[in-house]
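The values are calculated or read from the model by the stated rules, or taken from the named source; none is laboratory data. Small disclaimer: the values here were computed from a predicted structure and weren't measured. All Cβ positions, even for glycine, are placed from backbone atoms using ideal geometry, and neighbour counts span all protein chains on display. Accessible surface is based on the protein model in full, side chains and every heavy atom, while ligands, DNA and RNA are left aside. Shrake-Rupley method; radii C 1.70, N 1.55, O 1.52, S 1.80 Å.
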Amino acid sequence: MKKILALLLAAMMVVCALAGCSTSDGKGTTPVTDTTPKPTDTTPADTKATEPAGTDKPVSGTITKVALVTDVGTIDDESFNQATWEGVVEWCKNNGIDYTYYQPSEDSTDARVASVGQAVNEGADTIVMPGYLFGATVLTVQDLYPDVHFIAVDVAAGDLTLDYTTYYDPSANVACLTFSEEQAGYLAGYAAVKDGYTKLGFLGGMAVPAVIRYGYGFVQGADAAAAELNKDIEIKYTYGGQFQGSPEITAKMEGWYQAGTEIVFASGGGIYTSALEAAKKTDGAKLIGVDVDQSYIDPAYFVTSAMKQLKNVTMTVLDALNSGSWETYGGKVTNFGLQEGDYVGLPTADSSWSFNTFTKDEYNAVLEGIRSGKIVVDNSSDSTVTPTVSAHTSVDYIG
């Protein structure tokens, strides 16, 4: 079935290309070049790839052009897409490789497949796709373009399906990368309670596995710190059902803060905007950011951020491909956590460390406890089975 779908999509793309629909009728995808310079504008000529367009297919293990295709976000979303794009840009500049990005015309698999097709037609031999929404796209394009390498960031085994009934393995030209979000969430929850917060909140975006793991890790870490301190804490827990803020979500957060919630972990792309807007209306209200260090957005409100090193992972896998070690990741779903390296954690730069009493030494101790296996964080992403907590922790799961 997957092969038939791929062939039909391939035929449709050929017809579309002949008709010129990708740039003229608004239904295709146009590379966003008016706001972000192409490498020809930013990369010194003597370091750029010189292989002309239309030559033989790329040699495995040698990158000539990298394209990133965004999901529903943009490359300046202050979160997932932006961090992955920064990894592409830095790696390509360091290696003298052409790079660009494409923003699909709509939130659909067809639009994402069209963006990939345009990227390939315009010379990309390595395509980076950030976000679980690319699961169905991967299954389509991996066979359409067997000579192109695909790096699917945060695409897990459970995302590789066309109907959520049958699941597939990635082909040899695809590397799927996932993270131990529960470890980052644990560190954030633990740090917040150790720093003195007793009334916490978790605002998730959509209840997808990565967001659930963040939230469940947060609950586990907060509970562990409460038990250590012999202190009772309360956690309000909800999902917004989307990855951006809204007046309704802002109103809910205002209610939380006004009822005594001291700090909210906003985990889900741009949904933090609602929590931040609400925090600014309540004295002393604070936030925890997600995915990247979000303290630069407003350091007066962000105490810390539960991060996954999207930029580092992207650069790691690009390095492996370009050095001929693609087999390390190709055809696999590879998870990155503290056991694999410093791929999750909290920001420790002085400018981002806004805790009052929780110290970096305490942070490093709990981080190494997770890395060594002394501290085990449940990585469940089943939204119907919540974490077990001690008598010190009360969690209010709000629909």
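Brief remarks follow.
- Cleavage-rule hits (trypsin sites (Lys or Arg not before Pro)) in region 212-242: DSSP loop, at most 16 neighbouring Cβ within 10 angstrom: Lys231
- Per-pair calculated FRET efficiency, R0 = 56 Å: Asp350 and Glu248 via Cβ, rounded to 0.05: 0.90
- The calculated FRET efficiency for the pair Glu340 and Ser380, based on their C-beta separation and a Förster distance of 22 Å, comes to about 0.65.
- Area accessible to solvent at Ser351, 1.4 Å probe radius, in Å²: 100 Å²
- Between Glu106 and Lys231, the contour length at 0.36 nm per residue exceeds the Cα-Cα span by 40.2 nm.
- Net +/- balance of residues flanking Phe134 in space, Cβ distance below 14 Å, scoring K and R +1, D and E -1: -4
- Other residues within the sphere of radius under 15 Å centred on the Cβ of Thr359, judged by their own Cβ, net out at -4 (K and R +1, D and E -1).
- Count, lysine Cα pairs under 27 Å in region 254-399, 8 or more residues apart or across chains: 10
- Electrostatic tally near Ala285: other residues with Cβ closer than 14 Å to its Cβ, Lys and Arg +1, Asp and Glu -1, net +1.
- Per residue accessible area in Å² of region 64-168, where ligands, DNA and RNA are left out and the probe is 1.4 Å: 31 Å²
- Sulfur and carbon atoms: percent of accessible area, region 174-302 [1.4 Å]: 49 percent
- Counting heavy atoms of the protein chains alone, Tyr397 has an accessible area of about 90 Å² for a 1.4 Å probe.
- The relative contact order of region 278-348, computed from alpha carbon pairs under 8 Å that lie at least 6 residues apart in sequence, is 29 percent.
- Estimated from the Cβ-Cβ distance and a Förster radius of 22 angstrom, the FRET efficiency linking Thr165 and Ala207 is about 0.65.
- Anisotropy class of region 112-246 from Cα gyration tensor, a/c 1.5 cut: prolate
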